[in-house]
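To start, the structure itself, in structure tokens.
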Amino acid sequence: MNLITHWAGLLSVVIFVIAYGLVILEENIHLRKSKPMIVAAGFIWMLVAYTYMSMGDSHTAEELVRHNILEFGELFLFLLAAMTFINTMEERGIFDVLRAWLINQGFTLRQVFWITGVIAFLMSPIADNLATALLMATVVLSVGGNNHRFVALACINIVVAANAGGAFSPFGDITTLMVWQKGNLQFTQFFALVVPSIVNWLVTASLLSFGLPSGKPDPMHEEARLQHGALVVVGLFIVTISMAVSMHNFLHMPPVIGMMTGLGCLKLFGYYLQRRDQASIAQKLVEDSALGISAVHDYDADPKGRPYDIYANLQRAEWDTLMFFYGVILCVGGLGAFGYLAVGSELLYTGLGPSISNILVGIASALVDNIPVMFAVLAMNPEMSEGQWLLVTLTAGVGGSM
């Protein structure tokens, strides 16, 4: 329905703007971004349901909101599985070993700048750009110390590299994942963005490098080792990604089925790790008891040595981010129910044309956020060629770097 001038539609826009304003101010007011968006989503859909029912339609609003919840459910479970794998690899020491190696090599500041950028670009297509940026930033902070100019430039480089690297893989960014799960682009079609992504990062990094300070960081030595089963977890992650791709490409099933199956395999392996740790702890207690050492250990006060628990890694998922996605998807879907997305599609893709519109999407993703912007484009579902869908995927993915 075209209800963009209806009081309920206008009120919904006001609610969304206020909620997103609170999201933008998150760092200043210390209010988690998911909270206002979840509340806004509820009120917007109440207005949608009331408006439709007042016009004699008591079913369409329910169908629309169920469709939005289904879209969120697929995205949520996919990301939950991916985040659990990343957290498990971190807990098993994979990233600590990588960071320790980088720190201990004695690279110059310029070398660290380029090496962390290259790693961010290559890792983000697999491990997603958020996790990659956080990992590489810890390396830069460890190496740079009080050299604020180097830290600032190197972190900007990492953000640009991670966003650019994530743009040519369905696993690299939320926006690419949404486009892939929606079926607008196939898995292999994303690889056409490799060269544009390289240009996007390389040109920016080259410009940034002119401002780098010279010299080497203070010598450092950091030790790290892989925990038992670390490489098995990496192998399971690769198999899981393969299953997700195969499910989508060959069996025409949602990729989330493959991801959740892989998560189940990880949990079974976690059971083995848990039993192994329990046996090891029991053996140590027996040995300590024989030596007259107290066998009581308070794991709440000192978690070191606690048996492995896969659910601890699952709990460390970015729950605020996941709940934020719920709020955003339902808010944008609610505005679409009032007709705002249809009007926006008409103004942009029919009026301005797809190329200009898709470039504006990239600029908008820097001002607002790429998730609601891309979801709005997918909800509009304009008639576009493969090249235009690749363009909007690229601009939404890298636009936030601005």
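Distance distribution P(r), the range 203-270, all Cα-Cα pairs, bin width 10 angstrom from 0: 17, 25, 15, 23, 19, 1 percent. Using a probe of 1.4 Å, the accessible surface attributed to Trp201 totals some 20 Å² when neighbouring protein chains are kept in position. At the residue level, His67 shows approximately 90 square angstrom of accessible surface with a 1.4 angstrom probe and all protein chains present.
Here is how the number arises for the chain: DSSP H runs of 4 or more residues each give -39500 (n - 2.57), the sum is divided by the residue count, and the result at 222 nm is -24000 deg cm²/dmol.
Surface composition of the chain: carbon and sulfur atoms hold 65% of the protein heavy-atom accessible area at a 1.4 Å probe. When +1 charges are put on Lys and Arg Cβ atoms and -1 charges on Asp and Glu Cβ atoms, the dipole computed for the range 81-196 relative to its Cα centre reaches about 240 debye.
Among the complete DSSP H segments of the chain, which ones combine at least 24 Å of alpha-carbon extent along their axis with a mean Kyte-Doolittle hydropathy of -0.5 or more?
7-24, 34-54, 60-91, 109-127, 148-166, 230-249, 255-290, 319-337
Across the options Ser385, Trp101, Gly215, the greatest Cα extent toward the positive end of the charge dipole of the chain (unit charges at beta carbon of Lys, Arg, Asp, Glu) belongs to Gly215. Here r is the Cβ-Cβ distance between Gln315 and Leu347 and R0 is 56 Å; the resulting FRET efficiency, rounded to 0.05, is 0.80. For the pair Ile363 and Val39, label points projected 7 Å from Cα toward Cβ lie 3.3 nm apart. The alpha-carbon positions of the range 151-225 define a convex hull whose volume is 129 Å³ per residue. Measuring with a 1.4 angstrom probe and ignoring ligands and nucleic acids, Phe250 comes out at about 150 Å² accessible.
Available extension along the chain between Glu27 and Asp218 is 65.6 nm, counting 0.36 nm per residue and deducting the alpha carbon span. Rounded to the nearest 20 debye, the dipole size of the chain about its Cα centre is 560 debye, using +1 on the Cβ of Lys and Arg and -1 on the Cβ of Asp and Glu.
Modelled spin labels at Leu11 and Ala192, positioned 7 Å past Cα toward Cβ, are 4.5 nm from each other.
Over the chain, with the other protein chains present, what is the accessible area per residue in square angstrom, probe 1.4 angstrom?
Details: 19600 Å² over 402 residues.
Normalised by residue count, the accessible surface of the chain is 49 Å².
For Gln227 and Leu202 in one chain, what is 0.36 nm times their gap in residues minus the Cα-Cα distance, to one decimal in nm?
Values: separation 25, 0.36 × 25 = 9.00 nm, distance 3.52 nm.
Length gained, Gln227 through Leu202: 5.5 nm.
Evaluating kT/(6 pi eta Rh) at 10 °C and 1.306 mPa s, with the Kirkwood radius of the chain over Cα pairs in the Stokes-Einstein relation, gives 68 µm² s⁻¹. As a ratio to 2.2 N^0.38 Å, the alpha-carbon radius of gyration computed for the range 117-193 takes the value 1.21.
Pop the C-beta distance of Thr261 and Leu122 into the FRET formula with R0 = 41 Å and round what comes out to the nearest 0.05. The pair Thr261/Leu122 has a calculated efficiency of 0.95.
The values are calculated or read from the model by the stated rules, or taken from the named source; none is laboratory data. None of these values were measured; they are calculated from a predicted model. Virtual Cβ from ideal backbone geometry, glycine too; neighbours counted across all protein chains shown. Ligands, DNA and RNA are stripped out before the accessible areas are found, and what is left, the full protein with its side chains, is counted by its heavy atoms. Shrake-Rupley method; radii C 1.70, N 1.55, O 1.52, S 1.80 Å.
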